[in-house]
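Novice: This is the structure, below, for whatever I ask next.
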Amino acid sequence: MSVYLDYAASTPINTHVHDWILDHLELFGNPSSPHQQGKECRDIIDTARENLAEYMQCDTENIIFTSGASQANTLALTYHADNVIWSAIEHSSVIEGIKYLYPSAKNKISVDINGFVNQRQIERALSANKDMKNLVVVQWANNEIGTIQDIATIADLVHSYGGILFVDATQIFPWLKAMDLSEVIKNVDILSASAHKCGGMKGTGLFYSSVPFDDFSPVVFGHQEHGLVGGTENTLSIGAFGEAVKYMPTFMEMVCVLDNRNYLYDELKSNISNVFLNGPELKDWLNEKNTRLPNNLNILIDDVQNDTLIQLLDSMGIYCSGGSACNSHVLAPSYVLKEIGLNDKQANSSIRLSIDADFDPGASILLRNRIAPLVDLIRQSKQ
Ligand code: PMP
């Protein structure tokens with residue numbers, strides 16, 4: 001039996017979406033062509049945009065399809081701003097994009113031990129640059145430690161200084177309905193998301209903006225998608241994205257995922273010595289204000305090199321990661337974990353486990369039975 005624990009990196013294609021894809025595989029027209037073949041493809045893209053707008057409770061005109069969240073993030077950073085203010089734990093596509101587009105930018109906002117951005121620092125940066133057009137970049141939920149930022153409050157703060165707020169919503173996107181976040185979205189100016197984190201295909205993402213599209217520069221030249229993302233649209237993948245959002249978890253399904261995640265943590269913590277949680281506390285969604293993605297677990301297992309453990313687990317059919325898949329080729333320890341105060345050794349002893357609604361609670365016992373002896377083995381081999 002294999003256990004996939006890397007839903008934050010990518011999700012399998014939803015079974016309904018899978019069937020929809022097979023039913024539409026024969027469609028090959030160019031959505032910009034004036035004939036029937038083209039129109040059928042255009043209809044698919046229009047329907048997908050409508051489904052996504054309904055899911056987000058926004059207007060279809062505000063949505064642009066991209067090749068993924070990385071491209072949507074890049075497009076967001078082309079906003080014609082004078083100054084950028086960004087959180088230290090943004091996705092690598094944002095961090096690298098800022099380095100390239102704003103080489104002298106200085107307003108990197110630190111986070112606390114649980115990954116929450118320092119709002120006072122944001123305010124100071126806005127106040128110090130109040131004569132400028134400020135773009136503030138805060139990821140809604142972190143891909144490694146699951147921290148959910150208080151975007152409603154941050155949006156009010158940014159707007160009180162006349163700034164523009166860009167939110168990378170890639171990880172929280174599947175939970176928008178369950179968490180009832182459509183009112184918060186109305187206060188966000190720019191937002192990005194990705195299809196392959198919510199049962200769709202890779203290579204498709206979404207860029208939402210209530211700011212006029214003229215205020216951005218193209219990431220691919222051409223006429224499609226308001227001239228910001230040129231090139232023939234990936235009709236099938238866009239259509240699949242629009243289908244996928246019909247099947248996002250309900251509140252009760254989310255609570256079930258959260259219970260399973262908490263149980264998995266209890267099993268690991270009580271059967272392996274020196275296991276610590278990275279990121280916000282695990283809470284019960286029904287009783288307390290939650291500030292962590294319901295499916296995310298990130299644990300530090302003292303004295304255990306994470307890549308050794310991940311490889312051994314892989315050979316047993318248990319799939320998890322050391323952090324962001326996008327940084328897995330980077331040998332340096334996770335910058336997210338370092339920003340919340342871990343040292344190199346602790347960061348390199350941490351693993352991320354992310355589950356979904358199909359996670360069988362019985363797997364928690366199997367997992368702790370598999371992981372505990374491996375941890376002992378790795379620790380003994382170092383003595
Ligand atoms: N932002 C976040 C928070 C992510 O987790 C990811 C995927 N790892 C991305 C952006 C990039 O998404 P994509 O793979 O669609 O480019």
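The values are calculated or read from the model by the stated rules, or taken from the named source; none is laboratory data. If you're wondering where the values come from, they're calculated on a predicted model, not measured in any experiment. When we count neighbours, we look across all protein chains shown, and the Cβ atoms used for this are built from the backbone with ideal geometry, even at glycine. Heads up: the accessible areas ignore ligands, DNA and RNA and are worked out on the full protein's heavy atoms, side chains in. Shrake-Rupley method; radii C 1.70, N 1.55, O 1.52, S 1.80 Å.
Novice: Ranking request for peptides 147-158, 22-33: highest mean number of other beta-carbon atoms within 10 Å first, then the rest in descending order. All intermediate terms of the calculation are to be shown ahead of the outcome.
Specialist: Values: 147-158: 20.0, 22-33: 12.7.
Highest mean packing first, the order is 147-158, 22-33.
Novice: Something else about it: Taking the Cα centre of segment 128-261 as the origin and placing charges on Cβ (Lys, Arg +1; Asp, Glu -1), which of Trp140, Cys198, Met179 is farthest toward the positive end of the dipole?
Specialist: The residue sitting most towards the positive pole is Cys198.
Novice: Related question: Assuming a ≥ b ≥ c are the square roots of the Cα gyration tensor eigenvalues, decide whether segment 124-283 counts as rounded (a/c under 1.5), prolate (otherwise, with a/b larger than b/c) or oblate. Intermediate values should be presented prior to the final figure.
Specialist: Values: a/c = 2.30, a/b = 1.32, b/c = 1.74.
In terms of gyration-tensor shape, oblate.
Novice: Still on this structure, I have one more. Using the alpha-carbon atoms, what tilt in degrees (0 to 90, nearest 10) does helix 235-244 show relative to the longest principal axis of the chain?
Specialist: With both axes taken from Cα atoms, the answer is about 60 degrees.
Novice: Quick check: at a probe of 1.4 Å, how many percent of the accessible area of segment 1-57 sits on carbon and sulfur atoms? Please list the in-between numbers first.
Specialist: On the way: 1650 of 3250 Å².
Summing carbon and sulfur atoms, their accessible area is 51 percent of the total for segment 1-57.
Novice: While we're looking at this one, here's another question. Full extension from Phe276 to Ser182: what is 0.36 nm times the residue separation minus their Cα-Cα distance, to one decimal in nm? Could you put the intermediate results ahead of the total?
Specialist: On the way: separation 94, 0.36 × 94 = 33.84 nm, distance 3.37 nm.
Additional length available on full extension: 30.5 nm.
Novice: Can you flag which of Lys133/Lys186; Lys197/Lys338; Lys246/Lys269; Lys283/Lys338; Lys133/Lys289; Lys39/Lys177 are past 28 Å Cα-Cα?
Specialist: In this structure, Lys246/Lys269; Lys133/Lys289; Lys39/Lys177 exceed 28 Å between Cα atoms.
Novice: Separate question: Pairs of Cα atoms under 8 Å, at least six residues apart: use those to get the relative contact order of segment 164-271, whole percent. Write down the numbers at each step before the final one.
Specialist: Values: 135 pairs, mean separation 26.5, N = 108.
Over segment 164-271, the number comes to 24 percent.
Novice: May I pose another question? Sequence gap at least 6, Cα distance under 8 Å: using those rules, report the relative contact order of segment 65-132 to the nearest whole percent. Can you show the working numbers first?
Specialist: On the way: 55 pairs, mean separation 21.2, N = 68.
With pairs under 8 Å counted, the relative contact order is 31 percent.
Novice: What does the charge count around Ile310 come to, taking other residues whose C-beta lies under 12 Å from its C-beta (Lys +1, Arg +1, Asp -1, Glu -1)? Intermediate values should be presented prior to the final figure.
Specialist: Working: positive: Arg352; negative: Asp6, Asp307, Asp314.
Here the charged neighbours net out to -2.
Novice: Which of the three applies to segment 126-201, rounded, prolate or oblate, going by the alpha-carbon gyration tensor with a ≥ b ≥ c and a/c under 1.5 meaning rounded? Can you show the working numbers first?
Specialist: Values: a/c = 2.33, a/b = 2.04, b/c = 1.14.
Because a/c hits 1.5 or more and a/b exceeds b/c, segment 126-201 counts as prolate.
Novice: Taking amide hydrogens as modeled 1.01 Å from N in the peptide plane, which residues meet the under 5 Å criterion relative to Thr147, leaving out close sequence neighbours?
Specialist: Amide H neighbours of Thr147: Asn142, Leu293.
Novice: Compute the separation of the alpha-carbon centres of segment 285-321 and segment 196-251 and state it in Å as a whole number.
Specialist: Segment 285-321 and segment 196-251 have Cα centres spaced 30 Å from each other.
Novice: Whole number in Å², please: accessible area per residue of segment 1-102, 1.4 Å probe, ligands, DNA and RNA not counted. Please report the intermediate quantities before stating the final value.
Specialist: Numbers: 4750 Å² over 102 residues.
Ligands and nucleic acids excluded, the result is 47 Å² per residue.
Novice: While we're here: Counting Lys and Arg as +1 and Asp and Glu as -1, each charge on the Cβ, what is the dipole of segment 42-168 about the Cα centre in debye, to the nearest 20? Kindly include the intermediate steps, with their values, before the conclusion.
Specialist: Numbers: 9 positive and 16 negative charges, 125 e Å.
It works out to roughly 600 debye.
Novice: Report the label-to-label distance for Gln121 and Leu286 in nanometres (one decimal), using points 7 Å from each Cα along the Cα→Cβ vector.
Specialist: Between Gln121 and Leu286, the simple spin-label model gives 3.8 nm.
Novice: Charges on Cβ only, +1 for Lys and Arg, -1 for Asp and Glu, centred on the Cα centroid of segment 64-156; of Ile154, His91, Tyr102, which one is farthest towards the dipole's positive end?
Specialist: Tyr102
Novice: Related question: Quick one: angle between helix 119-128 and the longest Cα principal axis of the chain, in degrees between 0 and 90, rounded to 10, please.
Specialist: 40
Novice: Please say if the chain is rounded, prolate or oblate, where rounded means a/c under 1.5 for a ≥ b ≥ c the square roots of the C-alpha gyration tensor eigenvalues, and otherwise the choice is prolate for a/b larger than b/c and oblate otherwise? If you can, show how the numbers build up before the last one.
Specialist: Working: a/c = 1.88, a/b = 1.28, b/c = 1.47.
Oblate is the answer for the chain, as a/c is 1.5 or above yet b/c matches or exceeds a/b.
Novice: What relative contact order, as a whole-number percentage, does the chain give when Cα pairs under 8 Å and 6 or more residues apart are counted?
Specialist: Working: 727 pairs, mean separation 85.0, N = 383.
Relative CO of the chain lands at 22 percent.
Novice: Would you mind working out the magnitude of the charge dipole of the chain relative to its Cα centre, with +1 at each Lys and Arg C-beta and -1 at each Asp and Glu C-beta, to the nearest 20 Debye? Mind showing how you got there, number by number?
Specialist: Values: 27 positive and 46 negative charges, 221 e Å.
Using Cβ point charges on Lys, Arg, Asp and Glu, the chain gives about 1060 debye.
Novice: A follow-up question, please. State the answer as a single residue: which of Leu377, Asn262, Thr66 lies farthest towards the positive end of the charge dipole of the chain, with beta carbon charges of +1 for Lys and Arg and -1 for Asp and Glu, about the Cα centre.
Specialist: It is Leu377, whose Cα lies furthest towards the positive end.
Novice: Multiplying the sequence separation of Ser110 and Phe213 by 0.36 nm and subtracting their Cα-Cα distance, what value in nm do you get? Mind showing how you got there, number by number?
Specialist: Values: separation 103, 0.36 × 103 = 37.08 nm, distance 2.99 nm.
The span from Ser110 to Phe213 would gain 34.1 nm if fully extended.
Novice: Hey, any idea what % of segment 110-161's accessible area is carbon plus sulfur with a 1.4 Å probe? Don't skip to the answer; put the middle values down first.
Specialist: On the way: 1000 of 2120 Å².
So the carbon and sulfur contribution to the accessible surface is 47 percent.
Novice: Moving on to the next point. If I build a Gaussian network model for the chain, linking alpha-carbon pairs within less than 10 angstrom, which residue out of Lys133, Lys289, Lys106 has the largest mean-square fluctuation?
Specialist: Sorting by GNM fluctuation, first place goes to Lys289.
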